[in-house]
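Before any comments, here is the structure.
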Amino acid sequence: YTSICRLCALLALPLIVIALTSTPINPSGWPSRFPAKDHCSRCGLCETTLVSHVTDACAFLGDGMGRIDGLEDEVHGRRREDDLFWSKNDKVINPSKQDEGRFGVLSQPIALARGVETEAQWTGVVTGIAAAALEGGLVDAVVCVASGGMDSDFADPDPIVARTVEDVMRGRGVKPSLSPSLRVLDEVREDPAIRRLLFCGVGCAVQALRSVEKDLGLEELFVLGTNCADNSPTPQAAKNFLEAGVGVDDVSAVKGYEFMQDFRVHVKTDSEYTKKPYFCLPGTVAAPSIATSCLACFDYMNSLADVVVGYMGAPLPKGGRMDHADQTLTVRNTKGASLVDNAIARNRLNIQNPVAGGSGKHEKLASATVAKDSVIMSIIDENIPEKGMPRLAGEVMATVLGGLGPKGVAFARYSLDYHVLRNYLHVVSEWGENRANKHMPKYARDMVEEYTLNDEQFRTTRKA
Ligand code: FAD
């Protein structure tokens with residue numbers, strides 16, 4: 001009898017372990033009860049039964065974003081080509097020399113595009129591609145991020161499984177805080193009608209999604225990514241940034257905001273469109289406005305999506321605004337190309353110009369921005385300025401830099417390099433050099449080495 005009991009217990013043990021490790025974590029315990037703790041980007045995986053895969057799937061545990069190198073091979077059939085980061089110093093950037101090292105695998109040159117949607121973040125390139133995918137029968141459903149309930153505001157993300165074009169329209173506009181987009185994966189797995197899925201999301205969520213892709217039981221998965229940097233940890237943090245940093249009086253009227261190529265934050269409401277130079281923001285507003293996970297992110301470019309939409313590489317005309325300007329379209333593989341072609345054929349997307357170009361040097365500006373960054377100043381114990389520049393001085397600075405500084409693809413290089421260098425210093429200070437090097441994809445390690453070799457300013461900041 002005892003032996004039978006022991007045998008039963010032994011057989012039941014794996015089932016108990018599986019049941020325990022597959023129990024979703026209650027979101028109210030975020031971030032302390034989540035495996036990546038403060039560095040959890042709340043992608044939503046841990047809020048599903050797929051939590052059992054978290055150690056290999058999470059972008060902030062173990063080898064973290066270092067896994068992107070291998071996943072690139074699996075997803076796109078090859079890794080990005082290595083590039084020299086420092087030597088890309090052409091005054092006018094040759095569009096045919098768009099570095100894969102920075103921007104990830106490219107199956108065609110980066111294009112400029114516009115959508116046709118109103119009430120979108122920009123012109124609705126993302127929403128147009130997603131809606132066309134449903135209309136054209138490429139997919140049965142789309143995962144996108146709507147706004148929270150009836151009483152919620154623009155900053156409150158609510159991931160949904162959209163089964164109609166009307167549902168997809170609920171995803172219009174960026175909700176500027178961490179979104180648990182993968183939270184709906186159990187709903188997807190339980191719905192037999194969903195065989196082909198389009199997932200819209202940011203890099204950290206896409207990395208986790210790619211790691212569990214085989215467990216979803218889908219016939220086909222398409223991934224439409226956005227570029228993403230410096231998201232807010234919570235909707236409230238985004239609203240505090242607008243009030244205390246930008247000086248917005250009525251946050252409830254805000255429909256969206258972005259950090260733009262003219263070195264100004266643009267804020268749109270139903271009735272107004274305002275701009276404030278970055279240099280006028282108080283330094284103290286940055287730290288609470290940026291999720292800690294974003295300081296450990298090395299996938300601004302969303303390397304594992306099939307196609308990526310963003311704005312940082314698209315030239316902004318003088319006086320331009322986000323909802324009238326071009327966006328960049330980065331196609332990484334044939335699935336990405338089929339999504340784009342389908343959206344063009346359905347008149348939901350216009351390609352403006354075959355290739356995105358740019359001008360101006362960016363390296364010195366990137367390392368100077370890192371040195372003056374309040375996240376870095378707090379690591380090296382420097383005083384963070386409580387006030388930004390006076391308005392006039394800030395406007396002059398933004399106008400001068402906007403005129404002389406990097407533009408188009410060169411601005412994207414500036415923005416990307418700055419985030420990689422800043423985040424490298426953050427992860428080293430948090431985790432030490434060994435773990436930092438494991439966590440970073442090869443392109444990011446190479447970039448840090450090239451700046452260390454060539455840039456006096458970065459060497460000084462790194463030493464400090
Ligand atoms: P729309 O058609 O309005 O569609 C918006 C899409 O964003 C929808 O699919 C929706 O599901 C999704 N979405 C909304 N909120 C979230 C969220 N919190 N998390 C994940 N997905 C969400 N581009 C840059 O070049 N540089 C940046 O630094 C940058 N940061 C970004 C940060 C975030 C959190 C997001 C979501 C996007 C960011 N982008 C960035 C991309 C850019 O803001 C626009 O989203 C993109 O250009 C698409 O504009 P659109 O008009 O085509 O989008």
Checklist entry - Would it be correct to say that Thr330 is at pLDDT 95 or above, away from the ligand (no atom under 12 Å from the Cβ) and of a type in the set (S, T, N, Q)? => result no
Item to check | Residue that is farthest from Cys43 (Cα to Cα), among those in region 216-244 that are within 16 Å of the ligand (Cβ to nearest atom), part of a helix (DSSP H, G or I) and in contact with a Ser or Thr (Cβ under 8 Å, 6 or more places away or on another chain) | outcome: Phe241
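The rows are residues; the columns are (1) touching a Leu at 6+ places or on another chain (Cβ under 7 Å); (2) in contact (Cβ under 8 Å) with a residue 60 or more places away in the chain.
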| position | (1), (2) |
| --- | --- |
| Phe222 | yes, yes |
| Asn227 | no, yes |
| Ser232 | no, yes |
| Gly245 | yes, no |
| Val248 | yes, no |
| Val251 | yes, yes |
| Val254 | yes, yes |
| Tyr257 | yes, yes |
| His266 | no, no |
Checklist outcome for this item: Filtering region 202-221 down to residues that are more than 13 Å from Leu50 (Cα to Cα) and open to solvent by 10 Å² or more (accessible area, probe 1.4 Å) yields Val202, Cys204, Leu218, Glu219, Glu220
Item to check | Within region 280-315, considering residues that are hydroxyl-bearing (Ser, Thr, Tyr) and open to solvent by 20 Å² or more (accessible area, probe 1.4 Å), the one farthest from the chain's Cα centre (by Cα) | outcome: Thr284
Checklist entry - With (1) open to solvent by 40 Å² or more (accessible area, probe 1.4 Å); (2) more than 11 Å from the ligand (Cβ to nearest atom) as the list, and Ile194 as the residue in question, which single condition is left unmet? => result (1)
Next on the checklist: I need the full set of residues from region 317-347 which are open to solvent by less than 40 Å² (accessible area, probe 1.4 Å) and of a type in the set (Lys, Arg), in order please.
Outcome noted: Arg332
Next on the checklist: Which of the numbered conditions does Glu213 fail, given that it passes all the others? Conditions: (1) closer than 28 Å to Leu416 by Cα; (2) among the acidic types (Asp, Glu); (3) at pLDDT 95 or above; (4) within 13 Å of the ligand (Cβ to nearest atom).
Outcome noted: (4)
Next on the checklist: I need a count of the residues in region 389-423 that are open to solvent by less than 30 Å² (accessible area, probe 1.4 Å) and in contact (Cβ under 8 Å) with a residue 60 or more places away in the chain.
Outcome noted: 17
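The values are calculated or read from the model by the stated rules, or taken from the named source; none is laboratory data. Here the structure is a predicted model, which is why all the values come from computation and not from measurement. Here the Cβ is made from the backbone with ideal geometry for all residues, glycine too, and neighbour counts use every protein chain on show. These area figures cover heavy atoms from the full protein model, side chains too; ligands, DNA and RNA do not enter into them. Shrake-Rupley method; radii C 1.70, N 1.55, O 1.52, S 1.80 Å.
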